[in-house]
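Contents: one structure, followed by commentary.
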Amino acid sequence: MAQELVLTLPDGAERRVPAGTTSRAVAEAIGPRLSKAALAARLSGAIVDLDRPLTAAGPFELLTEKDPDALAVLRHSCAHVLATAVRRLFPEAGIGFGPAIEEGFYYDFDVPRPFTPEDLERIEAEMRDVVRADESFVREEVEREEAARRFAGDPLKLERLAEIRDDEVISIYSDGRFSDLCRGPHVPSTGRIRHFKLLHAAGAYWRGDERRQVLQRIYGTAWFSQEDMDRYLRRLEEAKRRDHRILGRQLDLYSIQEDVGPGLILWHPKGAMLQFQLRRFIEDLVLERGYELVSTPHLTREQLFVRSGHLPLYAANQFPAIAAGEGEGEEVRYRVKPMNCPMHVLIYAAQQRSYRDLPLRLAEIANVYRNERSGALHGMLRVRGLTMDDAHIFLRPDQIEQEIYELLDLTDFVLRRTFGVEYRLDLATRPPQKLGGDEAWDAAEQALTAALERRGINYRLDQGGGAFYGPKIDVKFNDAIGREWQGTTIQLDFQLPERFELEYTGADNRPHRPVMIHRAIFGTLERFIGFLIEHFAGAFPLWLSPEQVRVLPISDTQLEAGRALHARLRAAGIRAHLDARNETLNYKVRDGELMKVPYLAVIGAREAEAGTVAVRVRGADVKQAVMTQDAFLDRLASDVRARARVP
C-alpha cells in the first residue's frame, strides 16, 4: 500500500493523498475551476510542476495567475520556448542559461554572429508557432551518464552538468523535440504562454566571466494579460526616453571615452556645472549642520588598507598596487583609494579627543576608484571613478539615537523636500557572521529603532541584512516611472574604531572607544546625477539647471538689447546663454526646447524698445508671457531661492 501524505491547504484543511499523486490530481479533486486555472504548486515553500509526483507531506498550495510567484514560472517557461525557437531556426546554436528575471527573462546562446532585429522578429514568430502547438512540458529525472549522452553536442550544458553534485537530482525538460537541462518548474504546456515579446539582444560573457567567450543574450518579457504587458512596454518606452546615457549625450553633460577607459567619466562644461551645484548644495547644507570639511589624498600606502581590514577582503574591487621607491631604495606599495574612511579615522586620531568634542563630523566630497568588472559598468550608474559626498561621524554611544535622527532629517530634506522623491527605509540588523559582542549590537539596533520611531517613519525590518561591522539603515526610492533605486545608507561601525584603537577622554577622565557612522546622502554624484537625469527626463529644476535662461534676439537688430539682458542676468548670478546665431526664431526656440532650458527670453522689436522680455517657460501651457526685465529677474530669483522643482 502506498504511503499516505497529508497536505495542509491554505485554509487549514487537510487532504490525504497517496505518495506519488500529482498536484494536477489534487487540483482536479478540489474542483474543475481550480484545475483549469492551476499553473504550478507550492509544497513546503518549494514550487513544483503540476505533473510532478508528490513525495512529501507539508503545506500545499496551487498557484494560479493571481499568485505573484506564478509570473516567474511563466517567464522561465517562456525562456524555454525562446530556446526551442532559436534551435529550430539556428540548429547549431549553443544553449546557455535561461532564467526568469525581474519583469522578464533572458536566454544566452553561442552563435557565430550577433542576432539582428530581423532575427528577433523571426524568432518571436517561431515562438508563437511553439505556443500554438501547445506542447506539454515533460520532466524527466536521469542519471549523469544519460544526461551527458543527451547533451553531448552542447558544451555549455556539459559544463553545467559537471557542476551538479552527486546528491542532486538531474532533470531534463522537453517540449516536443527540444530538451533542456533544467531544474524547472514550468507551466503545464506551451499554450499557457500567451502574452510575450522579445525586447533586444546584447553580448554577455559566459557565466559573467570576462575571460570567457561572449554569448548572445536575448531579453524578453511575458505577462498574464495583454493589458499588463502593454503597460510594461509603455514604461519601457518612457525609460528609453529618459535614459541618462542618451540624454547625457543629447544635453552634452558627459562622455566616456576609450582613450581614458571604461567607467571613467569626462564631465563636459554643463555636466560639471550640474555636479558643482550639487556639491555646493550638499556642502552648504552639512556646514550648517555642524560638519567640518576635510580633504584626503587620492592614493595611500597599501598598509593602511591592511590595517583597516579592507585588504584582502576588498582586494578584488581595488586597482592593483603601484610600487614606488622611498628613501634608500626602499620599495613601498601604494593604492588608489576605494573609500575614504581609513583616512578620516587618521584625522580623528591625529589629536587627543574629549567627550566634549563629540560628535565630530568629518565630510569630504572625494574621488575614489573601484575596479568594477567591465560587464557590470553601466553609464553613470556603475562606474570605476566615483565622486562621493562622504562623511564619517565619530560619537559616543549615548549620542547614536540623536545623530541618526538628524541624519534621517538630512536625508528627508535632500530627497523629499528638495527633489520630491518619496522613499522607504529598511533597518538591517546583525548578520549571522558578525564582529563584536551582542551587547554592542543590542545597543546599536535599539538606537536605530528609537530614532526611526521618534521620527514616526514606517520602515521594514531586514533581519540579518546588516554589515558584519554593524547594523544600518538603507534608503530606497522609486523614480518617476517606478524603478527602485538604492539611495542613502547610514551605517554604524564598531570595528574601525577598534582596529585603529581610537579613543576619547570621558567625563570620568578615562579613555573610551568612540562609535563611527559612515554616511553618504547622494551616495555617489555619478549615480545620483544619472538618477536625476532619468527622474526629471533631463528637465532639471531651475536652481540646478546648467543653463537657466537662453536669450533669443529675433534678429541682428535686437542683438544689442539681447546682449544687455544677457549681461544683466549673469550679473544677477543667473546662468544665461545668448543665442546670437543667424537662425530663425523658430529654430532657436526648438533648439532651446530640445536642450530643456527652463526659460527662453525672446527679445523682439517691441521688447527691445520697451525694455521688456517675452518669456517662454519650459512645459507651460501658455506659449509666452511679456513682462518687464525687473519682474523676470525677480521671478528667477524667487524660483532659485525656493529651489522650485518646476519653473
Every pair of residues 6+ apart whose Cβ atoms lie under 9 Å, when the first sits in the range 406-424 and is part of a loop (DSSP other than H, G, I, E, B) while the second is surrounded by 14 or more Cβ atoms within 10 Å (Cβ to Cβ) and polar (S, T, N, Q): Val421/Asn478; Glu422/Asn478
Matching residues in the range 378-400 - criterion: being outside any strand (DSSP E or B), out of contact with any Pro (no Cβ under 6 Å at 6 or more places or on another chain) and within 30 Å of Leu358 (Cα to Cα): Arg396, Pro397, Asp398, Ile400
2 or more residues modelled with pLDDT of 95 or more and hydrophobic (A, V, I, L, M, F, W, C): qualifying strands (runs of 3 or more DSSP E) within the range 137-212: 195-205
Subset of the range 478-502 [of a type in the set (Asp, Glu) and under 19 Å from Ala443 (Cβ atoms)]: Asp493, Glu498
Meets criteria (in the same structural domain as Arg150 (by TED's automatic domain parsing) and charged (D, E, K, R)) for Arg212: yes
Search result, residues across the range 502-532 that are of a type in the set (D, E, K, R), within 21 Å of Arg361 (Cβ to Cβ) and surrounded by fewer than 18 Cβ atoms within 10 Å (Cβ to Cβ): Glu503, Arg513
Every residue from the range 561-584 that is more than 18 Å from Leu542 (Cβ to Cβ) and either in a helix (DSSP H, G or I) or among the acidic types (Asp, Glu) (or both): Ala561, Gly562, Arg563, Ala564, Ala567, Asp579, Glu583
Some residue of the range 379-387 being closer than 27 Å to Glu445 by Cβ, assigned by TED's automatic domain parsing to the domain that holds Ala444 and β-branched (Val, Ile, Thr): no
Test: residue in the range 593-608 that is of a type in the set (Asp, Glu) and in contact with a Gly (Cβ under 9 Å, 6 or more places away or on another chain): no
Flag if Val602 is modelled with pLDDT of 95 or more and either under 15 Å from Leu542 (Cβ atoms) or among the small types (Gly, Ala, Ser) (or both): no
Number of positions in the range 4-54 that are farther than 24 Å from Leu74 by Cα and either touching a residue at least 24 places away in the same chain (Cβ under 8 Å) or part of a strand (DSSP E or B) (or both): 12
Residue within the range 599-617 that is in a loop (DSSP other than H, G, I, E, B), in contact with a Lys or Arg (Cβ under 7 Å, 6 or more places away or on another chain) and surrounded by 13 or more Cβ atoms within 10 Å (Cβ to Cβ) present: no
Ile554 more than 29 Å from Met380 (Cβ to Cβ), β-branched (Val, Ile, Thr) and touching an Asp or Glu at 6+ places or on another chain (Cβ under 9 Å): yes
Every residue from the range 533-557 that is within 18 Å of the chain's Cα centre (by Cα), crowded, with 19+ Cβ neighbours inside 10 Å and of a type outside the set (Phe, Trp, Tyr): Ile533, Glu534, His535
Some residue of the range 71-79 being among the β-branched types (Val, Ile, Thr), outside any strand (DSSP E or B) and in contact (Cβ under 8 Å) with a residue 12 or more places away in the chain: yes
Any hit, the range 96-109, residues being buried (at least 22 other Cβ atoms within 10 Å of the Cβ) and free of Cβ contacts under 8 Å to residues at least 60 places away in the same chain: no
Within the range 340-387, considering residues that are without any contact (Cβ under 8 Å) to a residue 40 or more places away in the chain and hydrophobic (A, V, I, L, M, F, W, C), the one nearest to Leu313 (Cα to Cα): Val368
One residue from Arg590, Arg527, Arg635, Arg618 being closer than 18 Å to Arg242 by Cα, among the basic types (Lys, Arg), within 38 Å of the chain's Cα centre (by Cα) and not assigned by TED's automatic domain parsing to the domain that holds Val383: Arg618
Out of Arg417, Arg430, Arg384, sole residue that is surrounded by 15 or more Cβ atoms within 10 Å (Cβ to Cβ), basic (Lys, Arg) and over 21 Å from the mean Cα position of the chain (by Cα): Arg430
Where a residue in the range 251-264 is buried (at least 18 other Cβ atoms within 10 Å of the Cβ) and its partner, wherever it lies, is outside any strand (DSSP E or B) and basic (Lys, Arg), with Cβ under 8 Å and at least six apart: Leu251/Lys270; Leu251/Lys596; Leu253/Lys270; Gly263/Arg384
Single condition Asp409 does not satisfy, out of (1) within 30 Å of Glu503 (Cβ to Cβ); (2) buried (at least 17 other Cβ atoms within 10 Å of the Cβ); (3) under 27 Å from the mean Cα position of the chain (by Cα): (2)
Matching residues, the range 347-377, being assigned to a helix (DSSP H, G or I) and within 27 Å of Glu526 (Cα to Cα): Ile347, Ser374, Gly375, Ala376
Residue in the range 402-413 that is more than 30 Å from Pro541 (Cβ to Cβ) and not hydrophobic (A, V, I, L, M, F, W, C) present: yes
Filtered residues of the range 128-159 (kept if closer than 29 Å to Arg212 by Cβ and among the aromatic types (Phe, Trp, Tyr)): Phe151
Subset of the range 178-218 (residues that are touching a residue at least 60 places away in the same chain (Cβ under 8 Å) and of a type in the set (Lys, Arg)): Arg192, Arg194, Lys197, Arg217
Residue in the range 457-480 that is among the charged types (D, E, K, R), part of a strand (DSSP E or B) and in contact (Cβ under 8 Å) with a residue 60 or more places away in the chain present: no
Residue in the range 219-228 that is without any contact (Cβ under 8 Å) to a residue 12 or more places away in the chain and assigned to a strand (DSSP E or B) present: no
The range 145-167, subset surrounded by fewer than 13 Cβ atoms within 10 Å (Cβ to Cβ) and over 34 Å from the mean Cα position of the chain (by Cα), residue nearest to Asp108 (Cα to Cα): Gly153
Sole residue being in contact with a Lys or Arg (Cβ under 8 Å, 6 or more places away or on another chain), under 23 Å from Thr418 (Cα atoms), surrounded by 12 or more Cβ atoms within 10 Å (Cβ to Cβ) and among the aliphatic types (A, V, I, L, M), chosen from Leu633, Leu578: Leu633
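The values are calculated or read from the model by the stated rules, or taken from the named source; none is laboratory data. What you see is a predicted model; the values in this text were computed from it and never measured. Every residue, glycine among them, receives a Cβ derived from its backbone with ideal geometry; neighbour counts consider all protein chains shown.
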